[in-house]
Structure formats: structure tokens, C-alpha cells
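The values are calculated or read from the model by the stated rules, or taken from the named source; none is laboratory data. Remember, predicted model here, so these are calculated numbers, not experimental data. Cβ atoms come from the backbone with ideal geometry, glycine included; neighbour counts cover every protein chain shown. The protein model used for the area step is the full one, side chains on, heavy atoms only, and it has no ligands, DNA or RNA in it. Shrake-Rupley method; radii C 1.70, N 1.55, O 1.52, S 1.80 Å.
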Amino acid sequence: MSYTNREIQLAAYPVGEPGPQNFELISSEVPDLAEGQVLVRNTWMSVDPYMRERMHDAESYLPSFQLNAVMDGSAIGEVVASLSSDIPVGATVVHFLGWREYAVLDAAAATVVDITLARAEDYLGALGTTGLTAYTALTEIAPVRQGDIVFISAAAGAVGSVAGQLARKFGASKVIGSAGGSLKAKRLVTDFGFDTAIDYRAGSVAEQLAEAAPDGIDVYVDHVGGDHLLAAIDALRSGGRIALVGAISSYNATEPVPGPSNLFELAAKDATLRGMLINSYFHLFPEWIGKAAGWLADGSLHTETTVAEGIGQAPQAFLDLMNGGNVGKMLVRL
Ligand code: NAP
């Protein structure tokens, strides 16, 4: 049986903010399977901020997307044909050949997941690298201790909304989140269990953080960089910990962005600022899924998805994500 694929290619490297012109939807014939391969009908794909870092002509810590070649990223789908004795037709698998409707891949590059444990799309969100990033940040990188005051930026997003709830589970006495816009800020408190919300678009992050945490903070999970990081270093108490997870405020920058001017405060405060790349922590997946699947099932971990429909909407979903058009995990249903 022959299949026609629709897939998204990168048409041009964006300079500054990307737009629809940087992407192209094309059709191609799905190649025949080789021995040991499976054909997956993708049902969901993920769009993630790190993809912006791959839209450069120069290598960074991630391989660049190639121009006029199909993009890739996390996806989940159902095996519709198999020449592998390891993965049968009908299995649900996560893999890295997103941005297309059909994926042909070696069975070794696919992981079978249990969709009786959670919904398929959860494996791209709370049970995927998103949830694992929040867990790693608050256990390995900037561990939360009983009674800590914790601040999280991009708190209404995929990682941030999970991190806020984990901070509480791990003993934080107060959890503060920042998000863009009054509606999102409100939802941090009503839907995701934050104690206090900062709307960074409404005024100075430093002033709002000082008001929310007059005695300072112990832990900061940084997804944003810039004014958020500066304010968090200022507010950090002695022995405080910062997990450097992302710096989305600078991903579209066309010039090098200066670092925070108050870095030496970290020495004076005996504090740590530690970066993390989630790929180094995949060994924690079984531990994390063991915990998170239970919390999803008993309702004590609340997750949301913002869903775009169809492969043709995938570029816009990515653009919306970069501009805060999501609450929780941004996904494309294929
Ligand atoms: P996300 O938070 O669901 O989506 C990105 C959010 O960033 C948007 O919703 C938007 O929310 C916010 N944002 C965009 N521009 C901003 C700006 N100039 N200032 C402040 N906020 C801005 O994405 P995610 O997947 O959970 O990722 C969150 C961060 O973690 C990203 O920086 C990502 O690169 C990083 N990350 C790192 C790792 C790692 O291994 N180190 C792994 C996963 C994710 P608002 O509406 O609130 O502005």
C-alpha cells in the first residue's frame, strides 16, 4: 500500500522573529519499509521553543534544521506497518520524526508507550521531556527544600505549569509564577495552584517579585532570562538555587544579549546557578513516569494542552508558542 505524506520543511532561516514564510508544506511519497523498520501514522506532534535554536545556519548545542528538508521533533503515533519483530502493528510509539503525517523509522528509534496509563498526547507533555524537565530542575538542579519560596517564569507554559505544582508537592511554602497577560497570570492561581502570579507585561518584574516575596526567594526556575533572571538573582536569599532551563526572551535576538549585571551577588549569597540540558537526564524517565502517571490519574497534577489542528497548522502553532499563544503544552493533532 502506498501512502502520501504531508510534511513541513524549513524554507528559510529566520532573522529575528520567524513567520509563516520560513516554512513550507509539501507532499511526498512515503518510502517502502526496509527490514527492521516501522511505518507510523503520527497522531500528535510537539512544537517546542528549542526548535527556534535550530533555525540558524550555524551549529549550536543542537543540530540546525536543514533548508528545504523536512523538520523533526517529538511525535507520537500508531504503527500501521511493521517489518520489525520488536514492534507490532497497532502499537503506539513516541519518536523524533515529527512535522510529518507518516514516519518511517528503525524500530530502535521508537519507544512503545502504554496508552492505558495515560492519554497518548501526555507522552509529549507531562510524561515526556516537558514533565521530565520540570522534575529534573526541581530535584537535581535547584532542589526544593521544605518551606522554600519558589519562583518560576513562563509559568503558564508546558514546563512551568508542571514545575509550579511539583514545587508545592516537594514542600515549597510559597510558589510564585510569572506569565504574560492578566488572564494567564490569573490562571496560574486558579488552575495551576500558584500562590501569587506576576504579569510581566503589566510592570517591572523586579518590583512585582519584591512585592510577592518581600523576604526573598530560595529557588528560581528560569525559562526566560533577561529581566526575570536579573530580578531573581536580586531576590535570591543566601544559599539559594537557580536552575537555568531556558532563555526564551532572547531566542529571536539578532545580536548577542548581555548577561545579568548582578552575577556577583551569587557569590555573596553563597548561591548556585546551574544549567541543564534534559537529554542528559533521560535515565530519570522511569522514575518520573512512575510518579507522574499516578498524579495525572488521581488529579493531583493538572495539565492543559493548547491544540492546533492538522499538519498545515504546525508552523503557526510554533509561532504562537513563541508569542505566548499557549496555556500548558502546545501540540498539533495530526
Ligand atoms: P512554554 O513555556 O510552553 O512556551 C513558551 C512560553 O514562553 C510562551 O507561552 C510565553 O508565555 C513565554 N515567552 C515567550 N516570549 C517571552 C518573553 N520575551 N518573556 C517572557 N516569556 C516569554 O514552553 P516550554 O516547552 O515549557 O519551555 C519553557 C522554557 O524551557 C523555554 O525557554 C525552553 O527553551 C526551555 N526548555 C529547556 C529544556 C532544557 O533541556 N534545558 C527543556 C525544555 C524546555 P507568556 O505568555 O507567559 O509570555
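Worth a mention:
- Cut-off 20 Å, label 7 Å out along Cα→Cβ of Arg145, residues of region 153-174 by amide N: 166-174
- Positive dipole terminus of region 142-279, leading residue within Thr190, Leu266, Ser238 (C-beta point charges): Thr190
- Counting only Cβ charges, +1 for Lys and Arg and -1 for Asp and Glu, the dipole size of the chain around its Cα centre is about 700 debye.
- Surface composition of the chain: carbon plus sulfur atoms contribute 53% of the solvent-accessible area (1.4 Å probe, protein chains only, all chains present).
- For Asp222, the shell of other residues with beta-carbons less than 12 Å away shows a net charge of +1, using +1 for Lys and Arg and -1 for Asp and Glu.
- Rounded to 5, the percent of DSSP beta bridges in the chain classed as antiparallel: 50
- Note on Ser182 and Ala109: the model spin-label points, each 7 Å out from Cα along the C-beta direction, lie 4.9 nm apart.
- Note that the chain carries a Kirkwood radius of 20.7 Å, evaluated over its alpha carbons pair by pair.
- Taking the Cα centre of region 142-279 as reference, the dipole from Cβ charges on Lys and Arg (+1) and Asp and Glu (-1) amounts to some 460 debye.
- Most to least packed among 86-94, 124-132 [average Cβ atoms within 10 Å]: 124-132, 86-94
- Where only DSSP H runs of four or more residues are counted, the chain gives -6500 deg cm²/dmol as its mean residue ellipticity at 222 nm, each run worth -39500 (n - 2.57).
- The count of lysine pairs in the chain that are at least 8 places apart or cross chains, and whose C-alpha atoms lie under 24 Å apart, stands at 12.
- Residue-normalised accessible area of region 142-279, expressed per residue, 1.4 Å probe, Å²: 43
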